[in-house]
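Shown next, in structure tokens, is the structure this report addresses.
The values are calculated or read from the model by the stated rules, or taken from the named source; none is laboratory data. Computed from a predicted model, the values in this text were never measured in an experiment. Quick reminder, even Gly has a Cβ in these numbers, built from the backbone with ideal geometry, and neighbours come from all protein chains shown. Protein only, heavy atoms only, side chains kept; ligands, DNA and RNA dropped before computing areas. Shrake-Rupley method; radii C 1.70, N 1.55, O 1.52, S 1.80 Å.
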Amino acid sequence: MTSGSGPLKTPTAEERLFDSPLRAHTPAVSAARARRFGTWYIAEQVLRGMKGYLDVIIAYSVGNPLMYLVAMGIGLASLVDSNTGGAAFGGVGYLQFIVPALLASGAVMTAAEEFSYPVMSGFKWHRTYYGPLASPISAQQICQGRVLAVAIRLVAQSAVYLAIVAAFGAAPSGWAWVSVFTAALAGLAFGVPMMAYAASIKDDRGQFAMVQRFIVMPLFLFSGTFFPLSVMPWFLQWIGWISPVWHGAELGRVLSYGHAEPLWLSIVHVLYLAAVAAAALVAARRIYARRLEG
Amino acid sequence: MPHTTTRPIVISAKNLTKKYGDFTAVDSISFEVPAGESFGLLGPNGAGKSTTMRMIGGVSQRSAGELEIMGLDPEEQGPEVRAHLGVVPQQDNLDEELRVRDNLIIYGRYFGLPLSYLKPKADELLEFAQLTEKAGSRVDDLSGGMKRRLTIARSLVNDPKLLLLDEPTTGLDPQARHILWDRLFRLKERGVTLILTTHYMDEAEQLCDRLIVVDKGRIMAEGSPASLIREYSTREVLELRFGTERNATVGRELEGIGERTETLPDRVLIYADDGEAALEQVTARGLSPLTSLVRRSSLEDVFLRLTGRSLVD
């Protein structure tokens, strides 16, 4: 047992702690700061935790879509482009067509990950939520802080990804950089509802794997990612309309190569994504508060 | 509950109640704690101690009654109440994704404390908790006692004057417990008010100036460890073992010896001010126990007297 190996009496340690010139600010100041910046403090904690496995994050969030890009955008594209002459994809090459969709779906997949197991862990496995809960931070801020941190991560990973594809000329428009934010918004529109769900389940009985297989993957495949939604049978097109991946991908296409789409439709994409994310945030905050402060 | 003290009251609970559906976890309890006191809630698992602690800690809303912490209502001013506190929860909830030192720094951030304060503070706290060499380690690699010390160090990051400790030494080996008690005692000497729950008698006797004995959400008794023992038990206890089958039947033959007898499955307790004299009476009646032991009364006996049950089952 190493826990008691230190000497029992170490007066210098106490003296240094108790007679230290360091003074914390008053509880009133702590409370006021936590009320105002608590969400940021939690985001800081989440992001610092992510730093511990940065290599995995980079591999997953940038490597993964790049892999699809090489396989589909270069391998498959040469075949597709030579057969269609680009006409099927609004006059652009297949690579340019799928880049914005991979950007959006990459954000959605990361969000699906970040808002599932880590949420369960906060409540149950490592109980990390109960640490800040005992501090001036509120349950709602614990919820919002995670959303903020993941939003920052989504923007960062989308920016890196876009920079890489732009270097290959696959995102020609000057507005392409805006799609970093629309992709992150798509990620939140999927991830925050996922978070509300994850916060509401008490026992892990493989629900997350089911969501991954039967919701995330179909949304990835049937959301106009690899072919326009319009070529799908009509009875499958509704998947695209409810899917944050489709709305995010279409917005990305408009921004990244000027895909022709009525303005009202672009507005619908943004409003739909924002509305879903916002409604889910309201629900998630309530679920967090009920579960943590019961 | 009048107190003849001029120290300000830091916790005041009046008819504090917590219900979960039909179940009443805390049933209208009242107590006050003056600043600088070390106050204990003693009781078996499920007595309502942790629920009471969560209400004091401002993370669980009461169902009825009144509660003031530092003169603030935790229901209305949760962040302000929690900003005063250091909390050591029953289960460690350290951040396993952060290193040992970063756990202290990030926790301090929740109080809005600047890094210029937190970095040197973290080093002082690590030294206090005897974890300096572990500053860069993963939390996972710490022993149970080390995790507990880190949790206590974490609770001190905001210089709290009021420390809540929920079963602080449960699950630790004796040596680790003594180190923790030593650290807590030093904090108490420095005027920090300690509120702790425990189901360990020795812990309550070591650390508490005053305690309430809680069972089924109600306060059974209140006082200092010594006064509770004086009031609810005799000076000494004679413990006799007659073997499992005989313990139950021999009880009647012991009537009249000491003030009171208590028959447990594994032994018979005779409460008497003079244990040796009681033992002589037992042998004079021709009874020959397998083993006999005379000891001082403890809080365990108080609890047994009050509830008819042992604390640790």
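Computed values, structure above
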| read-out | value |
| --- | --- |
| Hits in the stretch B:148-178 (condition: in a helix (DSSP H, G or I) and surrounded by fewer than 20 Cβ atoms within 10 Å (Cβ to Cβ)) | B:P174, B:Q175, B:H178 |
| Filtered residues of the stretch B:262-280 (kept if open to solvent by 80 Å² or more (accessible area, probe 1.4 Å) and either β-branched (V, I, T) or more than 33 Å from the chain's Cα centre (by Cα) (or both)) | B:E280 |
| Helices (runs of 4 or more DSSP H) contained entirely in the stretch A:116-194, each with at least 1 residues that are within 26 Å of B:E96 (Cα to Cα), among the small types (G, A, S) and open to solvent by 10 Å² or more (accessible area, probe 1.4 Å) | A:139-167 |
| Those residues of the stretch B:132-147 which are at the interface with another protein chain (Cβ under 9 Å from one of its Cβ atoms), of a type in the set (A, V, I, L, M, F, W, C) and part of a loop (DSSP other than H, G, I, E, B), in sequence order | B:L142 |
| Residues that are open to solvent by 70 Å² or more (accessible area, probe 1.4 Å) and among the β-branched types (V, I, T), drawn from the stretch A:54-86 | A:V56, A:I58, A:V70, A:I74 |
| Any helices (runs of 4 or more DSSP H) falling wholly within the stretch A:207-294 and containing at least 2 residues that are open to solvent by 70 Å² or more (accessible area, probe 1.4 Å) | A:234-242, A:263-292 |
| Within the stretch B:10-88, strands (runs of 3 or more DSSP E) holding 3 or more residues that are open to solvent by 10 Å² or more (accessible area, probe 1.4 Å) and more than 23 Å from B:A153 (Cβ to Cβ) | B:23-34, B:64-69 |
| Qualifying position, being within 21 Å of the chain's Cα centre (by Cα), touching a residue at least 40 places away in the same chain (Cβ under 8 Å) and more than 26 Å from A:A88 (Cα to Cα), among A:L219, A:L185 | A:L185 |
| The stretch A:195-216 - residue that is out of contact with any helix residue (DSSP H, G or I) (no Cβ under 6 Å at 6 or more places or on another chain) and closer than 24 Å to A:L271 by Cα and, of those, modelled with the lowest pLDDT | A:I215 |
| Conditions (1) modelled with pLDDT of 90 or more; (2) within 9 Å of chain B (Cβ to nearest Cβ); (3) surrounded by fewer than 19 Cβ atoms within 10 Å (Cβ to Cβ); (4) within 33 Å of the chain's Cα centre (by Cα): number failed by A:I42 | (3) |
| Lone unmet requirement of (1) part of a helix (DSSP H, G or I); (2) over 23 Å from A:A260 (Cα atoms); (3) modelled with pLDDT of 90 or more for A:P100 | (2) |
| In the stretch B:89-111, residue least open to solvent (accessible area, probe 1.4 Å) [restricted to those that are farther than 24 Å from B:D27 by Cβ, within 23 Å of the chain's Cα centre (by Cα) and of a type in the set (S, T, N, Q)] | B:N93 |
